[in-house]
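Asker: Attaching a single structure in structure tokens format; questions to follow.
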Amino acid sequence: MKYIPTIGIECHVQLSTKTKLFSEVDNDARGKEPNSCVSPVDYALPGMLPRLNGEAIKFAVRAGRAMNCEINRSSRFDRKHYFYPDSPKGYQITQFYHPIIGAGYVLLPSGTQIRIEHAHLEGDAGKLTHFDSYSLVDLNRVDTPLIEIVSQPDIHSAKDAHDYCKELWRLMRYAGVTYGDLYNGNMRFDVNVSLAPEGSEKLGTRAEVKNLNSFRSVERAVEYEIKRQTKILEAGEKVVQETRGWSDATGETTGQRSKEEAKDYRYMPEPDIPPINLSAEFIEEQLKDFPLMPADYREKFGEIIAGDTLEVLLDYPELMQKLDEVKNVKLMSNLFASVLLAEEKSAEYLNDLPSAEDLNTLAEMNAAKELSSTATKEVFLRLFDPQMKGRGARNIAKELGLIQENDLGALEAIVDAVLAKPETAKAQDDFRNGEEKVIGFLVGQVMKESKGKANPSAVQQILREKLTK
């Protein structure tokens, strides 16, 4: 029997607000000491009341727009009760009944559309680190503002699960609402996988794999779950509804606990935070400078930049915004993809991109044959050198002695000088006798004579004209 996988994904996105969702504490704890970014509100001292961070509301509106979602004018918070050492309050403040972001969709690079059921705001839990005989708790992450994005069960392959998570990561970074640092858990994915017989109208029993923090892990975990559940069903057994953990080292999921239902959390309206009511003017204000999204760039540059190159470049929002400012998009996209991103310091370079004026000057010099392709790459890289900042593409090319000689009169004089040398006589005779390949030797002699400044294509043309007379 053939089984069809169905996958739904919940994505937790940490918002890059300056402070936490309910307290005035530093929200960016990356690289900081455990339990150093906390306040009495975070560790729930008696009488400490939460205060809603308005910036998180603004970010949620932008995140919703990035996913083509409805923004709900009215929303409110609820308490989700559970008892665990990483949640000092004994509950999580979330939005269960009335989320701020409604239905929408994400378009994958393949054109497949994945529907978004909703996305809600909530405060994150802390972090537990387990050792052999004890565990340590770090509350730095408590009440970090999250949006939890819940997809519809529209995904049916490990590849689409990978692509969906990556596209979400791109969308959130383009919208400017998260650092998107997967290593530090700025985005985490919970993946629900179920199998049902082909043709069945009812979905199978799902298993949820929690806290995946890379696109590759999502893909591998889905592949493993499909194989594991298929084996169980083919043996005539039933899949258990449970929460499972993933190990990158073993490439396997393992059971952790039975899957809770909504009733287990005893949701109730949050009494300490009033409902959120957004005006149409407020929503419009947050979206007035909304940037282009990956799908916009695919439409805009799809016939200019090769598909595989474009998908690489789309991982870098600042780079795509710069490409939108330059005139020769094809040349610059190739330079960014093949030259810059191959550099060890490419991450540093992307933080301070050259001006569109410098990039346009470089493109013009390349088109005018003032720079060879090799020299164009050299000048391009030097534009990122802090010591060369502000000098301009043309001045850098002059300082490095890379500008080609294009004056036909000057080139002809150099060619004549080379052809007059006895050591080139045999090559000249060979060319006249039909040995085309010796033209390369003669071009090389001219380049040597010009100290590398001659335009090779112009030199070859002059040589051919003179040798065929």
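Asker: Filter the stretch 1-25 down to the residues that are part of a strand (DSSP E or B) and in contact with a helix residue (DSSP H, G or I) (Cβ under 9 Å, 6 or more places away or on another chain), then identify the one that is modelled with the lowest pLDDT. Give the derivation first.
Answerer: If we filter the stretch 1-25 for residues that are part of a strand (DSSP E or B), which is where we start, we get 3-14, 19.
Filter once more, so that each one left must be in contact with a helix residue (DSSP H, G or I) (Cβ under 9 Å, 6 or more places away or on another chain): 3, 5, 7, 9, 11, 13-14, 19.
Working: Tyr3: 93, Pro5: 96, Ile7: 98, Ile9: 98, Cys11: 97, Val13: 97, Gln14: 96, Thr19: 97.
Selected residue: Tyr3.
Asker: Quick check on the stretch 225-267: of everything there that is touching a residue at least 60 places away in the same chain (Cβ under 8 Å) and not charged (D, E, K, R), which residue is surrounded by the fewest Cβ atoms within 10 Å (Cβ to Cβ)?
Answerer: Ala262
For (1) closer than 30 Å to Asp352 by Cα; (2) among the charged types (D, E, K, R); (3) free of Cβ contacts under 8 Å to residues at least 60 places away in the same chain, each residue gets a yes or a no:
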{"position": "Gln387", "(1), (2), (3)": "yes, no, yes"}
{"position": "Asp416", "(1), (2), (3)": "no, yes, yes"}
{"position": "Ile439", "(1), (2), (3)": "no, no, yes"}
{"position": "Lys451", "(1), (2), (3)": "no, yes, yes"}
{"position": "Val459", "(1), (2), (3)": "no, no, yes"}
{"position": "Ile462", "(1), (2), (3)": "no, no, yes"}
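Asker: What about Val142, is it closer than 19 Å to Asn186 by Cβ and surrounded by 20 or more Cβ atoms within 10 Å (Cβ to Cβ)? Outline the logic, then answer.
Answerer: Details: closer than 19 Å to Asn186 by Cβ: yes; surrounded by 20 or more Cβ atoms within 10 Å (Cβ to Cβ): yes.
Taking the combined requirement at face value, the residue satisfies it.
Asker: Among the acidic types (Asp, Glu) and either within 30 Å of Asn192 (Cβ to Cβ) or not assigned by TED's automatic domain parsing to the domain that holds Gly236 (or both): does that describe Glu33? Before the answer, list the steps.
Answerer: Values: among the acidic types (Asp, Glu): yes; either within 30 Å of Asn192 (Cβ to Cβ) or not assigned by TED's automatic domain parsing to the domain that holds Gly236 (or both): no.
In short, no.
Asker: May I pose another question? Is at least one residue of the stretch 437-457 in contact with a strand residue (DSSP E or B) (Cβ under 7 Å, 6 or more places away or on another chain), surrounded by 13 or more Cβ atoms within 10 Å (Cβ to Cβ), small (Gly, Ala, Ser) and not in a loop (DSSP other than H, G, I, E, B)? Walk me through how you get there before you give the answer.
Answerer: Step one: filter the stretch 437-457 for residues in contact with a strand residue (DSSP E or B) (Cβ under 7 Å, 6 or more places away or on another chain), giving 446-447, 450, 453-455.
Okay, now just the ones that are also surrounded by 13 or more Cβ atoms within 10 Å (Cβ to Cβ), so 446-447, 450, 453-455.
Next, from what is left, pick out any that are small (Gly, Ala, Ser): 450, 454.
Add one more test, that the residue is not in a loop (DSSP other than H, G, I, E, B), and what stays is 454.
Yes: the stretch 437-457 contains one or more residues that are in contact with a strand residue (DSSP E or B) (Cβ under 7 Å, 6 or more places away or on another chain), surrounded by 13 or more Cβ atoms within 10 Å (Cβ to Cβ), small (Gly, Ala, Ser) and not in a loop (DSSP other than H, G, I, E, B).
Asker: Hey, could you check the stretch 134-161 for residues that are among the charged types (D, E, K, R) and in contact with a strand residue (DSSP E or B) (Cβ under 6 Å, 6 or more places away or on another chain) and say which is farthest from Ser87 (Cα to Cα)?
Answerer: So, considering only residues that are among the charged types (D, E, K, R) and in contact with a strand residue (DSSP E or B) (Cβ under 6 Å, 6 or more places away or on another chain), the one farthest from Ser87 (Cα to Cα) is Asp154.
Asker: Tell me which residues, restricted to the stretch 48-92, are of a type in the set (Asp, Glu) and at pLDDT 95 or above. Explain how you work it out, then say what you get.
Answerer: As a first pass, look at the stretch 48-92 and keep what is of a type in the set (Asp, Glu): 55, 70, 78, 86.
Within the stretch 48-92, Glu55, Glu70, Asp78 qualify.
Asker: Before we move on, is Asp315 loosely packed, with under 14 Cβ neighbours inside 10 Å and assigned to a loop (DSSP other than H, G, I, E, B)?
Answerer: Working: loosely packed, with under 14 Cβ neighbours inside 10 Å: no; assigned to a loop (DSSP other than H, G, I, E, B): yes.
So Asp315 fails the test.
Asker: Looking at Thr361, Thr374, which one is free of Cβ contacts under 8 Å to residues at least 12 places away in the same chain and either surrounded by fewer than 16 Cβ atoms within 10 Å (Cβ to Cβ) or over 23 Å from Tyr174 (Cα atoms) (or both)? Spell out the reasoning first.
Answerer: Numbers: Thr361 fails: free of Cβ contacts under 8 Å to residues at least 12 places away in the same chain.
Checking each option against the conditions leaves just Thr374.
Asker: Counting just the residues of the stretch 384-409 that are crowded, with 20+ Cβ neighbours inside 10 Å and touching a Gly at 6+ places or on another chain (Cβ under 9 Å), which one comes out nearest to Val459 (Cα to Cα)?
Answerer: Per the criteria, the residue is Gln404.
Asker: Scan Val177, Val191 and give me the residue that is within 21 Å of Ser75 (Cα to Cα) and either within 22 Å of the chain's Cα centre (by Cα) or outside any helix (DSSP H, G or I) (or both).
Answerer: Val177
Asker: Residues that are of a type in the set (S, T, N, Q) and part of a helix (DSSP H, G or I): does the stretch 273-287 have at least one? Give the steps one after another, and end with the answer.
Answerer: From the stretch 273-287, those of a type in the set (S, T, N, Q) are 277, 279, 286; that's our starting set.
Checking which are part of a helix (DSSP H, G or I) leaves us with 286.
Within the stretch 273-287, one or more residues are of a type in the set (S, T, N, Q) and part of a helix (DSSP H, G or I).
Asker: OK, next. Please find, within the stretch 141-174, the residue that is farthest from Ala119 (Cα to Cα) out of those that are among the aliphatic types (A, V, I, L, M) and in a helix (DSSP H, G or I). Before the answer, list the steps.
Answerer: Going through the stretch 141-174, the residues among the aliphatic types (A, V, I, L, M) turn out to be 142, 146-147, 149-150, 155, 158, 161, 168, 171-172.
Retained after the next criterion (residues that are in a helix (DSSP H, G or I)): 158, 161, 168, 171-172.
Values: Ala158: 22, Ala161: 18, Leu168: 12, Leu171: 14, Met172: 13 Å.
If we take residues in the stretch 141-174 being among the aliphatic types (A, V, I, L, M) and in a helix (DSSP H, G or I), then Ala158 is farthest from Ala119 (Cα to Cα).
Asker: Next up: Against the definition (surrounded by 21 or more Cβ atoms within 10 Å (Cβ to Cβ), assigned by TED's automatic domain parsing to the domain that holds Asp78 and not small (Gly, Ala, Ser)), how does His162 come out, yes or no?
Answerer: Against the criterion (surrounded by 21 or more Cβ atoms within 10 Å (Cβ to Cβ), assigned by TED's automatic domain parsing to the domain that holds Asp78 and not small (Gly, Ala, Ser)), His162 qualifies.
Asker: Among the listed residues Gly180, Gly176, which satisfies the condition of being of a type in the set (Gly, Ala, Ser), farther than 23 Å from Thr230 by Cα and modelled with pLDDT of 95 or more?
Answerer: Values: Gly180 fails: modelled with pLDDT of 95 or more.
Testing whether each residue is of a type in the set (Gly, Ala, Ser), farther than 23 Å from Thr230 by Cα and modelled with pLDDT of 95 or more leaves just Gly176.
The values are calculated or read from the model by the stated rules, or taken from the named source; none is laboratory data. Note that the coordinates shown come from a computational prediction; the quantities given were computed from them, not determined experimentally. Glycine also receives a Cβ, built like all others from the backbone with ideal geometry; neighbour counts cover every protein chain displayed.
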